[in-house]
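Laboratory data are not the source of any read-out in this text; all were calculated from the coordinates shown. In this text, all values refer to a predicted model and were calculated from it rather than measured experimentally. Here the Cβ positions follow ideal geometry from the backbone for every residue, glycine too, while neighbour counts run over all protein chains shown.
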Amino acid sequence: MSYTTRRAVVADADGLTALYTDPSVIAGTLQLPFASPQLWKDRLSAPDAPLMLVACTEDGTVVGNAGLHTNLKTPRRMHAASIGMGVMAAHQRKGVGSKLLGALLDLADNWYGLARVELSVYTDNIAAIALYKKFGFEMEGTFRKYSLRAGELTDCYTMARIRARPQ
Ligand SMILES: CC(C)(COP(=O)(O)OP(=O)(O)OC[C@H]1O[C@@H](n2cnc3c(N)ncnc32)[C@H](O)[C@@H]1OP(=O)(O)O)[C@@H](O)C(=O)NCCC(=O)NCCS
């Protein structure tokens, strides 16, 4: 199967709702169960919405998402952004996450000129940690009892990828 990557639009709200209804995606992220199409519509149409990409199958079904959360209104944090992402269980381990993350990092490096891209990832999320390491992210520390996940306060690693800003 081949996948295309493009900028998310408001019409993707239903597709993103379906993606973030997948239990494995909820477990790996900070999303809540019972995703709401209206919430996704609002997120996608907000003036300060993060830069959102989606990955789609040939028939247009949204199967993956990644977002770059910049800090363009905070002068001392303008060099940094955080990322979040998810790929539907049925489409994991097929290169979709790599495609989305590669596209986001190209934007971060070559179009935003960012020096630092950061993220947090659950300490037991082997797949995501391996993906991030593959793209040059390094461990920086552990946030203990960072997030409530299915009734348990769960630890996260903080990871970042540092690049020289273009001259
Ligand atoms: C993490 C996630 C985005 C990876 O997406 P993906 O489309 O499966 O990733 P890819 O197929 O591009 O895999 C890229 C690399 O990730 C690593 N990886 C992916 N799945 C893995 C797994 N199950 N076990 C170990 N490593 C894995 C490998 O290094 C892989 O490279 P390789 O195939 O050359 O060995 C996906 O598993 C996911 O959405 N998980 C649930 C939500 C989530 O955890 N989001 C991240 C929040 S921090």
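Overview of results
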read-out: Percent of Cα pairs exceeding the 22 Å cut-off, where the set is the range 58-167; value: 37 percent
read-out: Per-residue Cβ neighbour rank within 10 angstrom, fewest leading, Tyr146, Tyr132; value: Tyr146, Tyr132
read-out: Neighbour-count ranking [beta-carbon atoms within 10 angstrom, fewest first] of Trp111, Trp40; value: Trp111, Trp40
read-out: Amide H within-cut-off set for Asp155, under 5 Å, with H built and near neighbours excluded; value: Thr123, Lys145, Tyr146
read-out: Ratio Rg/Rh, restricted to the range 1-102 and using Cα atoms, in which Rh is the Kirkwood radius; value: 0.97
read-out: Potential lengthening between Ala27 and Ile162 on full extension [0.36 nm per residue; Cα-Cα distance subtracted]; value: 45.9 nm
read-out: Restraint check, Lys94/Lys133; Lys99/Lys133; Lys94/Lys145, Cα-Cα greater than 25 Å; value: Lys94/Lys145
read-out: Span-rule helices in the chain, defined as complete DSSP H runs reaching 15 Å or more along the axis (Cα) with Kyte mean at least -1.0; value: 96-110
read-out: Residues Asp109, Asp59 arranged by fewest to most Cβ contacts within 10 Å; value: Asp59, Asp109
